[in-house]
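The values are calculated or read from the model by the stated rules, or taken from the named source; none is laboratory data. Since the structure is predicted, the reported quantities are computational estimates derived from the model, not experimental observations. Note that we place each Cβ from the backbone using ideal geometry, even for glycine, and neighbour counts take in every protein chain shown. Each accessible area value is taken on the protein alone, full model and side chains, heavy atoms only, with ligands, DNA and RNA left out. Shrake-Rupley method; radii C 1.70, N 1.55, O 1.52, S 1.80 Å.
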Amino acid sequence: MQSETLIPPAAGARAEKRKRIAVAFGPRLFLLIVIGLVWLAAAFHDPRFYYAMAAWDVLAIVAWWVDLATLPSPEKLSLTRRWADAASLSVPGTITLLLENSSGITIHARLVDNVPPSLRSEAPELELKCSGRGEAEVSYQIVPRQRGDIELGAIYIRYQGSMRIAERWAIAHTEQKICVYPNLEEARQHSVFLIRSRQIEMEKRHSRIRGAGREFESLREYRDGDELRDVCWTASARRGKLVTRVYQIERSQTIWLLLDAGRLMRARIAGLSKLDLAVNAALSLSEVALGSGDRVGLLAYGRGIQKRMLPHRGSAHLRQLIQQLAHIRSEGLEGDHLQAVSALLSTQKRRSFVVWLTDFPETAMTPEVIDAASEAALRHLVLFVVIGQPDLAKLAAGEPDSVLNMYRTTAAQETLHRRELLLAKLRQRGALAVEVNSAAASVTLVNSYLNVKQRNLI
């Protein structure tokens, strides 16, 4: 995945005078005023020293005016916000602010970048020194905590000259909208470690395992043990002897990603929602599957269909898939699973591999999502993935030390047992079903996909 193409463009603008207060007193002006208070002690003995103190204060104000007049105007300054990497969920990133000074005066500047709380808990305040007709830069860190479009505001600058007596305030309108993508680093790691190990080995086996799949490879003479359905009668008639078709494992298959964006996926685990974890896992699987030459499609749903992408291959399709995954939003109501499976069955007629990332409610009745997945399993191979709750498993495995904790532990154990029964019911209906924890969601998903490919289950 070429994450370089996902890096937001630089946003630059020339500074402007702030509409309200545009000037201020520098720290050294207050130092001069404090020094002038020394005359106050002498004034107790001779009142004429009050005039000396007043003259000192006037000189300080004059020095402030002189320093202010020598400061460059805001139009002589330009600010640019640059991104080192693509903005990726939970991945630390670096933003660099570049200050260009076209005047001949060295300035000391303090920059405040207006970034939203979803990127950084507090707006960064940065200090730097920029020489005349030169440039300087300073960087700060962000950690995105929300996928989708994020708006950044202007950059505010307060700058002083060498005397540090006067100060000007200005603003650079560097507003921009950027997209925070799923965890690209996690997907890249799985691409490196999983593709280079298991997938390369599997590709080697594809080249030598014959007859295991149904994709035509070549013709050869008939041998004892060959099935009659594999005999090519037209070629046999031309050659005057039996000729058998040789098949190989299909290299290009169709993968569908079904993502539930209903209320059950809003539960948070280690700072991320279950939907965020599902999106990260879906991206990891997409990169591996597209790297294998498979076609990948996407269907995200809540009460209605949020996103639908038909299966395709290639890096351009992966880029579009990343964009769509970034904008999937959780909803306050439970997803309409039957509508989702109906949309899938009407779109995908041929058998494919469906990876369904969801969760089910704790009810006495069979959840609707189980019936929907069972319906999909009649035509497709379904991998039903439930993202578990680590604190529930921890509570069930603990030893209660009080009556109240005993009830809690028993309830947790019953909940886990019921979830396992529901997954077992799906397995009996021909689906692959697994419950994963948050830390292993992507790894489990990719390994399951590679196992399916290796065993030629599609």
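Some observations on this one:
- For the range 343-416, trypsin sites (Lys or Arg not before Pro) meeting the loop criterion (DSSP other than H, G, I, E, B) and having at most 11 other Cβ atoms within 10 Å: Lys349, Arg350.
- Solvent exposure ordering (accessible area, 1.4 Å, most first) of Trp169, Trp56, Trp256, Trp64: Trp56, Trp169, Trp64, Trp256
- Note on the range 276-435: antiparallel DSSP beta bridges, both residues inside, total approximately 35 percent of the bridges counted.
- Taken over the Cα atoms of the chain, the convex hull encloses 233 Å³ per residue.
- Antiparallel DSSP beta bridges within the range 245-339, percent to nearest 5: 50 percent
- Pairwise alpha-carbon distances in the range 1-104 exceed 25 Å for 53% of all pairs.
- Beta bridge orientation in the chain: antiparallel %, DSSP, nearest 5: 70 percent
- Helical contribution to [θ] at 222 nm, DSSP H n ≥ 4, -39,500 (n - 2.57), averaged over the chain, rounded to 500: -11500 deg cm²/dmol
- Accessible area expressed per residue, the chain, with surrounding protein chains retained (probe 1.4 Å, Å²): 50 Å²
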